[in-house]
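The block underneath contains the structure these notes are about, expressed in structure tokens.
The values are calculated or read from the model by the stated rules, or taken from the named source; none is laboratory data. This is a predicted model, so every value here is computed, not measured. In this analysis, Cβ positions are derived from the backbone assuming ideal geometry, glycine residues included, and neighbour counts consider all displayed protein chains.
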Amino acid sequence: MKHYILLMLSLGFFSGILRGEKSIVLRKVFFHQGAPSDKKESQSSHRIELGKLVFYFEYEPHIESSVVAKGNRTLQRLFLPNVSVSNELKENLQQIHKTTKELSYTMQLNAKEHPRKGLEITFIYPTDKVGVKYNHFQSIGLQKGLAFQFYNKEVIHRIKQLGKSIITTASLASPHVFIDCGHGGTDCGAVAHSIREKDISLEVGLRIADQLRTCGIMVGLSRETDVTVALDQRTSLANKQEADLFVSIHANATTSKVHSGIETYFFNPTLLKSGDCFVLNSFEQEQVGNVLHEKSSKSNRLALCVHDALLKKVRSQYAVKDRRIKSAVSQVLFGTQMPSILVEVGFVTHPQEAKLLSQKSYQQQIAYGIASGILHYLGYI
């Protein structure tokens, strides 16, 4: 009898694997809140993105979906079977729910154990005002990303009538640049040779802000001291401030001491694997594609301006390797509504480069180069 029970359990286990019932761990969750959509005369009145909900999983989950229209509202329920959620992330899910209570759409995110284990996601939104689309993507570290994007359908049709650009171009009269000093607080970032990435990014970021302000540029900062700021807090702050540009400062690291140089990243929508659209017609889907393409194009141009200016400045005195411009699905690039780039200013794991990065004079040169690139993009120089 014992052998029979063991056999049945084994068959149940393996049949569960065959049915795709392997437990899938939720690694991270982010909610990137868009700019307020009720400012009729602001830039946000011409931005179609309301927000993004992003999950990172150990494996790509299966999605079961049902959509119910009730009057002028849509209730969309999705279930991701066999997803397990830690207690810490359960708190994050509840916080996201509380945040969306004040928005034009709400979401409820619940980790279920019975009758089936999994993650239950419920979106409630006005059918004529909000559309939802989701995408899969491969992230750094081979985690599987799943992103739900919320769009303002009223703005989409307003753009059609007015013929205005979806991504507003920075006004030369009063541009607003958001500088993201990477990491901070309990998150030190890369650490090597007694140098912490969070210190480098803060010093360089503050110096960039000073350079831009002397030219009359309005500057926002994700942090000005050594404090912890979550990735989606950084993007949400930049979106709420309706910044024209977003520049994130980081330092690089590898397990090898030989890698060195500067590289710059921007978001490219070709890295996304498209999923379903909900209550978006063909025209609206086309406009959603346009917004991603336009942001990517302008981000690429910003990356070119900043990367070239930075290399030109530091290479006037030092032999610095050009690691070129690349694309990635970084959360600070994906979650922002404006043209955005991430600059890796050097490797803390490279002995000589780490020594340079720790010097105030070199930090000033990096800041000057990045600021020059931003000013070039804006047409100031």
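Take the residues of the stretch 352-381 that are part of a loop (DSSP other than H, G, I, E, B) and polar (S, T, N, Q): which is surrounded by the most Cβ atoms within 10 Å (Cβ to Cβ)?
The selected residue is 358.
Of all residues being β-branched (Val, Ile, Thr) and crowded, with 17+ Cβ neighbours inside 10 Å in the stretch 212-270, which is farthest from residue 197 (Cα to Cα)? Just the residue, please.
217
Every residue in the stretch 66-76 that is touching a Phe, Trp or Tyr at 6+ places or on another chain (Cβ under 8 Å) and within 14 Å of residue 276 (Cβ to Cβ), please.
Once the filter is applied, which keeps residues that are touching a Phe, Trp or Tyr at 6+ places or on another chain (Cβ under 8 Å) and within 14 Å of residue 276 (Cβ to Cβ), the stretch 66-76 yields 67, 74, 76.
Suppose we filter the stretch 315-351 for residues that are charged (D, E, K, R), in contact (Cβ under 8 Å) with a residue 12 or more places away in the chain and in a loop (DSSP other than H, G, I, E, B); how many remain?
1
Kindly list the number of the only condition in (1) β-branched (Val, Ile, Thr); (2) part of a helix (DSSP H, G or I); (3) in contact (Cβ under 8 Å) with a residue 60 or more places away in the chain that fails for residue 270.
All conditions are met except number (3).
Which one of 205, 189 is within 19 Å of residue 265 (Cβ to Cβ), in a helix (DSSP H, G or I) and at pLDDT 95 or above?
Exactly one residue qualifies, and that residue is 205.
So, residue 82, is that one over 20 Å from residue 336 (Cβ atoms), polar (S, T, N, Q) and either outside the structural domain of residue 337 (by TED's automatic domain parsing) or touching a Cys at 6+ places or on another chain (Cβ under 7 Å) (or both) or not?
Judged against the criteria, residue 82 is a match.
Taking the conditions exactly as written (within 24 Å of the chain's Cα centre (by Cα) and in a strand (DSSP E or B)), does residue 80 satisfy them or not?
For residue 80, the condition - within 24 Å of the chain's Cα centre (by Cα) and in a strand (DSSP E or B) - is met.
Only one of 223, 213 is free of Cβ contacts under 8 Å to residues at least 24 places away in the same chain and either in a loop (DSSP other than H, G, I, E, B) or not hydrophobic (A, V, I, L, M, F, W, C) (or both); which?
Of 223, 213, the one residue that is free of Cβ contacts under 8 Å to residues at least 24 places away in the same chain and either in a loop (DSSP other than H, G, I, E, B) or not hydrophobic (A, V, I, L, M, F, W, C) (or both) is 213.
Can you spot a residue in the stretch 290-305 that is touching a residue at least 24 places away in the same chain (Cβ under 8 Å) and more than 20 Å from the chain's Cα centre (by Cα)?
Within the stretch 290-305, one or more residues are touching a residue at least 24 places away in the same chain (Cβ under 8 Å) and more than 20 Å from the chain's Cα centre (by Cα).
Of the residues 280, 292, only one is assigned to a loop (DSSP other than H, G, I, E, B) and either among the aliphatic types (A, V, I, L, M) or more than 24 Å from residue 28 (Cα to Cα) (or both); which?
On inspection, the qualifying residue turns out to be 280.
Residues are listed down the side, and each one gets a yes or a no for (1) closer than 13 Å to residue 261 by Cα; (2) in the same structural domain as residue 235 (by TED's automatic domain parsing); (3) in contact with a Ser or Thr (Cβ under 9 Å, 6 or more places away or on another chain); (4) among the aromatic types (Phe, Trp, Tyr):
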residue: 288; (1), (2), (3), (4): no, yes, no, no
residue: 291; (1), (2), (3), (4): no, yes, no, no
residue: 294; (1), (2), (3), (4): no, yes, yes, no
residue: 319; (1), (2), (3), (4): yes, yes, no, no
residue: 322; (1), (2), (3), (4): yes, yes, no, no
residue: 344; (1), (2), (3), (4): yes, yes, yes, no
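Pull up the stretch 153-169, narrow it to residues that are within 21 Å of the chain's Cα centre (by Cα) and surrounded by fewer than 22 Cβ atoms within 10 Å (Cβ to Cβ), then point me to the one that is modelled with the lowest pLDDT.
Filtering first and then ranking leaves 169.
Restricting attention to the stretch 326-349, report how many residues are touching a His at 6+ places or on another chain (Cβ under 7 Å) and closer than 13 Å to residue 147 by Cβ.
1
For residues that are out of contact with any strand residue (DSSP E or B) (no Cβ under 6 Å at 6 or more places or on another chain), in a strand (DSSP E or B) and surrounded by 15 or more Cβ atoms within 10 Å (Cβ to Cβ), tally how many sit in the stretch 46-72.
1
Considering only residues that are within 19 Å of residue 71 (Cβ to Cβ) and not aliphatic (A, V, I, L, M), look in the stretch 109-130 and name the one that is surrounded by the most Cβ atoms within 10 Å (Cβ to Cβ).
Filtering first and then ranking leaves 125.
For every residue, the table says whether it meets (1) within 26 Å of residue 346 (Cβ to Cβ); (2) modelled with pLDDT of 90 or more; (3) not small (Gly, Ala, Ser).
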position	(1), (2), (3)
264	yes, yes, yes
276	no, no, yes
284	no, no, yes
289	no, no, no
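Residue by residue through the stretch 84-105, note down the ones that are of a type in the set (S, T, N, Q) and either under 19 Å from residue 231 (Cβ atoms) or within 20 Å of the chain's Cα centre (by Cα) (or both).
Selection gives 86, 92, 94, 95, 99, 100.
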